[in-house]
Amino acid sequence: MPKVRTHSATKKRFRKVAKGSKVKRSQAYRRHLLTKKTQKRKRNLRGSAYVHSADDHIFKVLLPYG
């Protein structure tokens, strides 16, 4: 059985949590045009988030080995 390739762009942007059931991601809208965003909005974008469970089947293909 041949090896399955991991999607390179996906492995740079996402990672699986220790149990492997969830996929962690960083928040969007925090890269540029920060002067017009409020401090509260930027502070809430600081942390990480999880990919929605409806998209789990996509990440099983893109990150086969975790």
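Please compute the net charge surrounding residue 5, taking Lys and Arg as +1 and Asp and Glu as -1 over other residues with Cβ under 14 Å from its Cβ. Net of charged neighbours comes to +3.
So if we plug the beta-carbon distance of residue 5 and residue 29 into 1/(1 + (r/R0)^6) with R0 = 35 Å, what FRET efficiency do we get, rounded to 0.05? Write down the numbers at each step before the final one.
Details: r = 30 Å, r/R0 = 0.87.
Plugging the Cβ-Cβ distance into 1/(1 + (r/R0)^6) gives 0.70.
Distant-in-sequence amide contacts of residue 25, defined by a placed amide H-H separation under 5 Å and a gap of 5 or more residues or a different chain, comprise 49, 50, 51.
Taking 17 Å as the cut-off, the amide N atoms of the stretch 1-23 that come nearer than this to a point 7 Å along the Cα-to-beta-carbon line of residue 49 belong to 13-15, 22-23. Our note on the geometry: Cα centres of the stretch 29-51 and the stretch 3-27, 22 Å apart. Pair-distance distribution of the chain: all C-alpha pairs, bin width 5 Å, starting at 0; shares per bin in whole percent are 3, 15, 23, 18, 13, 12, 8, 4, 1, 1, 0.
Over the chain, DSSP H runs of length four or greater, each weighted -39,500 (n - 2.57), average out per residue to a 222 nm ellipticity of -7000 deg cm²/dmol.
Within straight-line reach of residue 42, meaning a Cα separation under 28 Å, sit the following lysines at least 8 residues removed in sequence or on another chain: 11, 12, 16, 22, 24.
Computed from the coordinates by the stated procedures, all read-outs in this text should not be read as laboratory data. Given the structure is predicted, the values throughout are model-derived calculations rather than measurements. Don't worry about glycine lacking a Cβ; one is built from the backbone with ideal geometry, like all the others, and counts go over all protein chains shown.
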